[in-house]
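Below is one structure, written out as structure tokens, with a few remarks after it.
The values are calculated or read from the model by the stated rules, or taken from the named source; none is laboratory data. Every value quoted in this text rests on a predicted model; they were computed, and no experiment measured them. Because the Cβ atoms are built from the backbone with ideal geometry, glycine has one as well, and the counts that use them run over all protein chains shown. Each accessible area value is taken on the protein alone, full model and side chains, heavy atoms only, with ligands, DNA and RNA left out. Shrake-Rupley method; radii C 1.70, N 1.55, O 1.52, S 1.80 Å.
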Amino acid sequence: MPALQRVIATDATRELLQSLRQRHGELLFFQSGGCCDGSAPMCYPVGDFIVGDADVLLGELDGVPFYIGADQFEYWKHTQLIIDVVNGNGGMFSLENGSGKRFLTRSRLFSDEEFEALPALARH
């Protein structure tokens, strides 16, 4: 049985990531906590977004690191984030903007047993 993961991707997400990687090179995600683009998962070329010391690496999606701010992680630590793709306009600063597709975070609560089994995460 595969290890439980805090963040996972749908097939549509993996397909869009492959297309974005071909155009932009190595990528990273940051789960936005509000501000300009709401709480959208934002996709950036590596080097275009500075990950802070308190940011948390939740995992990887098809080899793309996925970070979340420490405060946002505290709100969502009991949930598995499921990164999906839907039709629409992406976040203003996210690479999928203009593609007619956008990343969307769905979530589900971990059971008590799942939450207890999750490995601890380190800050960036």
| message | Tally up the residues in the stretch 44-64 that are in a strand (DSSP E or B) and farther than 18 Å from Ser107 by Cα, please. | response | 3
| request: Name, by its number, the condition in (1) on the phi < 0 side of the Ramachandran plot; (2) open to solvent by 30 Å² or more (accessible area, probe 1.4 Å) that does not hold for Gly47. | output: (1)
| remark: Pairing a residue in the stretch 88-116 that is surrounded by fewer than 18 Cβ atoms within 10 Å (Cβ to Cβ) with any residue that is of a type in the set (Phe, Trp, Tyr) and outside any strand (DSSP E or B), where Cβ atoms lie under 8 Å and the two sit 6 or more apart in sequence or on different chains, gives Ser107/Trp76
| task | For residues that are in contact (Cβ under 8 Å) with a residue 60 or more places away in the chain and buried (at least 16 other Cβ atoms within 10 Å of the Cβ), scanning just the stretch 52-74, find the one that is farthest from Gln5 (Cα to Cα). | result | Asp55
